[in-house]
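Worksheet for the structure shown next.
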Amino acid sequence: MSNDARRGYKIEVWVTAICFIVVAITGGFFSSFVVIFNEVFFNQVPTPEQLVAFYGETMFVFKEHLSVWGFPLHYFLLIVLSWIGATAIGAIWCIVMDRLEEQQRA
Amino acid sequence: MEPRGEVFVLGLVLSIVVLLLSVMISVWARRFTRTLGDYYVAGRSIGALNNGLAMVSLALSLTTFIGLTALIIEGLYIAVAVYASFTAAFIGLMVLAAPYLRRHKSFTTMAFISERYDSKTLRYISVVVMLIVSVLYLGGNLKGIGIVFYFLLGVPEIWGIIVGGLVVTLYVTLGGMYGVTYNQTMQSIVLIFCLMFPVAIVLRTIGAAGWAFPPLGYGDMVPLMTSAVPHYFWAMVAHPVVYIGVFLGSFFGIIGLPHFVMRFFTVRDAKEARWSTVICVFLVGLVNTTVYATGFAAVYYMQTAGADIPTAAYDYVVFILVEVLAGEGWLALAIAGSVAAGLSTVSGLLMIMGAGLIHDLYSEFNSKFEALPFGAVLGLVAGLSFNQALSTFFGIGGMPWPWIWGIIGLLLGAVLTQLFFKPDVDDESKLKLSYGAMLLVGILVIVFSFEPPEFILEAIMWSFGIAAAGLGVPIVLGIWWKRTNKYGVGAGMVIGTLISFISWLMIGYLGMDPVDIPFPFFAKYFYGPLGWIKVIAVAVPLSFILTIVVSWLTPPPSEDLQRQVDEMHGWTDVDPKRYNGKGLPITIIVLSIIIMWFITTLYDQFPK
């Protein structure tokens, strides 16, 4: 394998691995992280009297200072990262692979 | 939800327009079909935009209109996580599989697996897996068209299934992949507009400031929502491994679902395959985020207006909201959009089932004896379908009729195969056979859709899980690890499919509570909302582990087979070291073990 080919191979594998890891986090693992690290996104507060029967003595509400365009941060990140974020990652990967393909042809 | 007492004329007219347009497009597209390659993969001539749009409508099945909103109302966080995974999964499909599959020049997933691992047995197994996932995916969608006709147009459900089914069968049979592709493109455009515009009007009516852009247009209403429903955005509902199961099911399921993969065999080259996926993920995200807005509006409306929508009607809440808050004109549009969504998915599935039966099974038989089981099983299915039709239309059913018609069908299928089967048919004959097979599959599917699974979205999630464990794993490893061989793939495929399929039989079909299942011992951890999804977090990792370990313990594939991996990645030379390291398989095994172990953790922290 020539040096150029070796470099191309490494770029392909690493760029693909990084893109996959990032998109796996935005599309799947981030949902888990919100659950595991729920204190980051939610406050435990006393439940208003009329809702105690439904929620118990305490309930969880999202931290209002952690909001983007009015949406709770975790919700915003989930929908925007899995949509615009995934599209952007995909586009970057495509550009890199287009260039790599041109080099392979050359 | 009570069905309409009278026909909703405007909705019916728009739905018929969609149906007629579909047939017309297919008749027009028929002129392009000359060869078998034209029929199955549109002559590999589809561009990125066209393919991207076609993938959108394939991805956004009827669950976009029916099913997802119910999930949002009952548990927003899980619904958002499911669709976040589903949307991002397209990029997973792209970086791991799409362009490489295109370079392989197969017609179908089953052909890819067979050729990559040089095994006819794997081809047959993968056809069986394909049929399982396709039927699960398909039944609900065709039934959904019937439900739309019944509840919203006042037309009996059975006529919805028959008319929708016949139209889609007709245009798939006539137009082949060209017809399917151009139809899916049209249906995507219809679907996007017919969802976005009515939802925008709904948001405007409830007072959202950003109603003109539904995906992110309701942020100003969040404080009002949290005062009405404080837990709306609360995430601590299900064990975190549920989301990892969803991730595994979505990412590897979409790679394993043959009707998605087949789209990549239709494009001009690998570059078009890549960019079509980017177009697709952007539009799928646009529609999905609009559905979250619909769910938000539904919950807000129910809480603030005191509207009492029964739980059974949550599936149709898009239509209820649009009718109440936007008006009948917009409802007619939404109905037409949902019909388009159903048709597009059904057509893609019919195409792959027809291709699988003729291209991947029938053409592979070398003698009448080899073809005998194929004919017998097809006859059995036809006999059972005939029984179903008799039962539905004439009330002739119950025991022992299924047995009688099943046995007659089986014998007839076996005899007809012996009389008419010819080995080594040429492409022209295969093309004629494909027309016949497509028509037959369409009719069988229509009949089976009379009694499909109850909850469409759940059936589709199961099919993702089975596809991930059975087909997704061998495709990914076949592209990225040269050492993968037929023995490993056989072991991983069979065990992965069995685990997920048997779980579906017990939990999804028979309705058993997984927590009560004595075996396997870890079934008790499948608790909580959508707890069965954890099955996917067992089946997929196990499929990976078995494929890798068995491949390692058995002889490596031949050099010719390994060369395919280099070619799929665009290399003109061959290097045995490329895609052959130990890092990838070891990482996969370690991650797989961690995921399976994770299921047993945090037991006391989540509602059972």
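The values are calculated or read from the model by the stated rules, or taken from the named source; none is laboratory data. Computed from a predicted model, the values in this text were never measured in an experiment. Cβ sites come from the backbone with ideal geometry, for glycine too, and all protein chains shown count toward neighbours. The accessibility values were calculated without ligands, DNA or RNA, using every heavy atom of the protein model including side chains. Shrake-Rupley method; radii C 1.70, N 1.55, O 1.52, S 1.80 Å.
Just wondering, is there one or more residues in the stretch B:287-303 that are within 13 Å of another protein chain (Cβ to nearest Cβ), small (Gly, Ala, Ser) and farther than 24 Å from B:Thr185 by Cβ?
Yes: the stretch B:287-303 contains one or more residues that are within 13 Å of another protein chain (Cβ to nearest Cβ), small (Gly, Ala, Ser) and farther than 24 Å from B:Thr185 by Cβ.
Would it be correct to say that B:Leu439 is open to solvent by 10 Å² or more (accessible area, probe 1.4 Å) and touching a residue at least 12 places away in the same chain (Cβ under 8 Å)?
Values: open to solvent by 10 Å² or more (accessible area, probe 1.4 Å): yes; touching a residue at least 12 places away in the same chain (Cβ under 8 Å): yes.
It is true that B:Leu439 is open to solvent by 10 Å² or more (accessible area, probe 1.4 Å) and touching a residue at least 12 places away in the same chain (Cβ under 8 Å).
For (1) within 9 Å of another protein chain (Cβ to nearest Cβ); (2) of a type in the set (A, V, I, L, M); (3) part of a helix (DSSP H, G or I); (4) open to solvent by less than 10 Å² (accessible area, probe 1.4 Å), each residue gets a yes or a no:
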| site | (1), (2), (3), (4) |
| --- | --- |
| B:Pro198 | no, no, yes, yes |
| B:Ile201 | no, yes, yes, no |
| B:Pro215 | yes, no, yes, yes |
| B:Leu224 | no, yes, yes, no |
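Which one of these does B:Met461 not meet: (1) of a type in the set (A, V, I, L, M, F, W, C); (2) touching a Gly at 6+ places or on another chain (Cβ under 7 Å); (3) surrounded by fewer than 22 Cβ atoms within 10 Å (Cβ to Cβ); (4) touching a residue at least 40 places away in the same chain (Cβ under 8 Å)?
Of everything listed in (1) of a type in the set (A, V, I, L, M, F, W, C); (2) touching a Gly at 6+ places or on another chain (Cβ under 7 Å); (3) surrounded by fewer than 22 Cβ atoms within 10 Å (Cβ to Cβ); (4) touching a residue at least 40 places away in the same chain (Cβ under 8 Å), B:Met461 misses just condition (3).
Go through (1) open to solvent by less than 10 Å² (accessible area, probe 1.4 Å); (2) closer than 30 Å to B:Ala54 by Cβ for B:Leu378 and report which single condition fails.
(1)
I need a count of the residues in the stretch B:203-213 that are at the interface with chain A (Cβ under 10 Å from one of its Cβ atoms) and open to solvent by 40 Å² or more (accessible area, probe 1.4 Å).
Total meeting the criteria: 1.
Please determine whether any residue of the stretch B:241-256 is farther than 15 Å from B:Val82 by Cα and more than 8 Å from chain A (Cβ to nearest Cβ).
yes
Go through the stretch A:89-106 and give me each residue that's more than 8 Å from every other protein chain (Cβ to nearest Cβ) and either under 12 Å from the mean Cα position of the chain (by Cα) or not in a helix (DSSP H, G or I) (or both).
Of everything in the stretch A:89-106, just one residue is more than 8 Å from every other protein chain (Cβ to nearest Cβ) and either under 12 Å from the mean Cα position of the chain (by Cα) or not in a helix (DSSP H, G or I) (or both), namely A:Ala106.
Based on this model, can you work out whether B:Pro529 counts as open to solvent by 10 Å² or more (accessible area, probe 1.4 Å), under 22 Å from B:Ile244 (Cβ atoms) and not in a helix (DSSP H, G or I)?
On the way: open to solvent by 10 Å² or more (accessible area, probe 1.4 Å): yes; under 22 Å from B:Ile244 (Cβ atoms): yes; not in a helix (DSSP H, G or I): yes.
So B:Pro529 passes the test.
Find all pairs meeting these conditions: Cβ atoms under 7 angstrom apart; at least six residues apart or on different chains; first residue within the stretch A:1-30 and under 20 Å from B:Lys482 (Cβ atoms); second residue in a helix (DSSP H, G or I) and open to solvent by 60 Å² or more (accessible area, probe 1.4 Å).
Once the first residue is under 20 Å from B:Lys482 (Cβ atoms) and sits in the stretch A:1-30, its partners that are in a helix (DSSP H, G or I) and open to solvent by 60 Å² or more (accessible area, probe 1.4 Å) give A:Gly8/A:Gln103.
Considering only residues that are farther than 27 Å from B:Glu458 by Cβ and more than 10 Å from chain A (Cβ to nearest Cβ), which ones fall in the stretch B:257-272?
Selection gives B:Phe264, B:Phe265, B:Thr266, B:Val267, B:Arg268, B:Glu272.
Which one of these is in contact with a helix residue (DSSP H, G or I) (Cβ under 8 Å, 6 or more places away or on another chain) and either at pLDDT 85 or above or over 20 Å from B:Tyr579 (Cα atoms) (or both): A:Val45, A:Val52, A:Val68?
On the way: A:Val45 fails: in contact with a helix residue (DSSP H, G or I) (Cβ under 8 Å, 6 or more places away or on another chain); A:Val52 fails: in contact with a helix residue (DSSP H, G or I) (Cβ under 8 Å, 6 or more places away or on another chain).
Sole residue among the options that is in contact with a helix residue (DSSP H, G or I) (Cβ under 8 Å, 6 or more places away or on another chain) and either at pLDDT 85 or above or over 20 Å from B:Tyr579 (Cα atoms) (or both): A:Val68.
With the condition kept exactly as written, say whether any residue in the stretch B:575-595 is of a type in the set (Lys, Arg), part of a loop (DSSP other than H, G, I, E, B) and in contact with a Lys or Arg (Cβ under 8 Å, 6 or more places away or on another chain). I'd like the intermediate steps shown before the answer.
Keep residues of the stretch B:575-595 that are of a type in the set (Lys, Arg), which gives B:577-578, B:582.
Of the ones still in play, those that are also part of a loop (DSSP other than H, G, I, E, B) are B:577-578, B:582.
Filter once more, so that each one left must be in contact with a Lys or Arg (Cβ under 8 Å, 6 or more places away or on another chain): B:578.
Scanning the stretch B:575-595 turns up at least one residue that is of a type in the set (Lys, Arg), part of a loop (DSSP other than H, G, I, E, B) and in contact with a Lys or Arg (Cβ under 8 Å, 6 or more places away or on another chain).
Going by what's in this entry, would B:Phe112 be described as modelled with pLDDT of 90 or more, open to solvent by less than 10 Å² (accessible area, probe 1.4 Å) and within 14 Å of another protein chain (Cβ to nearest Cβ)?
Against the criterion (modelled with pLDDT of 90 or more, open to solvent by less than 10 Å² (accessible area, probe 1.4 Å) and within 14 Å of another protein chain (Cβ to nearest Cβ)), B:Phe112 does not qualify.
Residue-wise test of (1) touching a residue at least 60 places away in the same chain (Cβ under 8 Å); (2) within 12 Å of chain A (Cβ to nearest Cβ); (3) of a type in the set (Phe, Trp, Tyr); (4) under 30 Å from B:Ser106 (Cα atoms).
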site	(1), (2), (3), (4)
B:Gly511	no, no, no, no
B:Phe522	yes, no, yes, no
B:Gly528	yes, yes, no, no
B:Thr554	yes, no, no, yes
B:Glu567	yes, yes, no, yes
B:Val574	no, yes, no, yes
B:Ile589	no, no, no, yes
B:Ile593	no, no, no, no
B:Met596	no, no, no, no
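Which of the residues spanning the stretch A:69-80 are open to solvent by less than 40 Å² (accessible area, probe 1.4 Å) and of a type in the set (A, V, I, L, M)? Let's see the steps before the verdict.
Looking only at the stretch A:69-80, we keep the residues that are open to solvent by less than 40 Å² (accessible area, probe 1.4 Å), and these are A:70-72, A:74-76, A:78-80.
A:Leu78, A:Ile79, A:Val80 - these are the residues of the stretch A:69-80 that are open to solvent by less than 40 Å² (accessible area, probe 1.4 Å) and of a type in the set (A, V, I, L, M).
Among the candidates B:Leu477, B:Leu498, B:Leu471, which residue alone is open to solvent by 50 Å² or more (accessible area, probe 1.4 Å) and in a helix (DSSP H, G or I)?
Details: B:Leu477 fails: open to solvent by 50 Å² or more (accessible area, probe 1.4 Å); B:Leu471 fails: open to solvent by 50 Å² or more (accessible area, probe 1.4 Å).
None of the other options fit; the residue is B:Leu498.
May I ask you to list the residues in the stretch B:401-424 that are in a loop (DSSP other than H, G, I, E, B) and either modelled with pLDDT of 80 or more or surrounded by 16 or more Cβ atoms within 10 Å (Cβ to Cβ) (or both)?
Filtering the stretch B:401-424 for residues in a loop (DSSP other than H, G, I, E, B) gives B:421-424.
The answer is B:Phe421, and nothing else.
Is it fair to say A:Phe29 is within 18 Å of B:Ala89 (Cβ to Cβ), modelled with pLDDT of 85 or more and aromatic (Phe, Trp, Tyr)?
Numbers: within 18 Å of B:Ala89 (Cβ to Cβ): yes; modelled with pLDDT of 85 or more: yes; aromatic (Phe, Trp, Tyr): yes.
For A:Phe29, the condition - within 18 Å of B:Ala89 (Cβ to Cβ), modelled with pLDDT of 85 or more and aromatic (Phe, Trp, Tyr) - is met.
Say whether the condition of being over 30 Å from B:Ile595 (Cβ atoms), more than 10 Å from chain B (Cβ to nearest Cβ) and open to solvent by 50 Å² or more (accessible area, probe 1.4 Å) is met by at least one residue in the stretch A:13-25.
The answer is no, given that none of the residues of the stretch A:13-25 is over 30 Å from B:Ile595 (Cβ atoms), more than 10 Å from chain B (Cβ to nearest Cβ) and open to solvent by 50 Å² or more (accessible area, probe 1.4 Å).
Taking the stretch B:174-190 on its own, how many of its residues are crowded, with 24+ Cβ neighbours inside 10 Å and closer than 15 Å to B:Leu350 by Cα?
Residues meeting the conditions: 9.
Only one residue in B:Met94, B:Met55 is over 30 Å from B:Thr173 (Cβ atoms), within 14 Å of chain A (Cβ to nearest Cβ), among the hydrophobic types (A, V, I, L, M, F, W, C) and within 22 Å of the chain's Cα centre (by Cα), so which one is that?
B:Met94
Open to solvent by 20 Å² or more (accessible area, probe 1.4 Å), more than 8 Å from chain B (Cβ to nearest Cβ) and under 12 Å from A:Thr26 (Cα atoms): does that describe A:Leu66?
no
Taking the stated definitions as given, is B:Ile132 in contact (Cβ under 8 Å) with a residue 60 or more places away in the chain, assigned to a helix (DSSP H, G or I) and buried (at least 21 other Cβ atoms within 10 Å of the Cβ)?
no
Filter the stretch A:26-54 for residues that are open to solvent by 50 Å² or more (accessible area, probe 1.4 Å) and at the interface with chain B (Cβ under 9 Å from one of its Cβ atoms); which is nearest to B:Trp571 (Cα to Cα)?
Filtering the stretch A:26-54 for residues that are open to solvent by 50 Å² or more (accessible area, probe 1.4 Å) and at the interface with chain B (Cβ under 9 Å from one of its Cβ atoms), the one nearest to B:Trp571 (Cα to Cα) comes out as A:Phe29.
Please report, ordered by residue number, the helices (runs of 4 or more DSSP H) entirely within the stretch B:264-372 with at least 3 residues that are over 23 Å from B:Ala97 (Cα atoms) and open to solvent by 20 Å² or more (accessible area, probe 1.4 Å). Walk me through it before giving the result.
Details: elements: B:270-304, B:317-321, B:328-355.
Ranges flagged: B:270-304, B:328-355.
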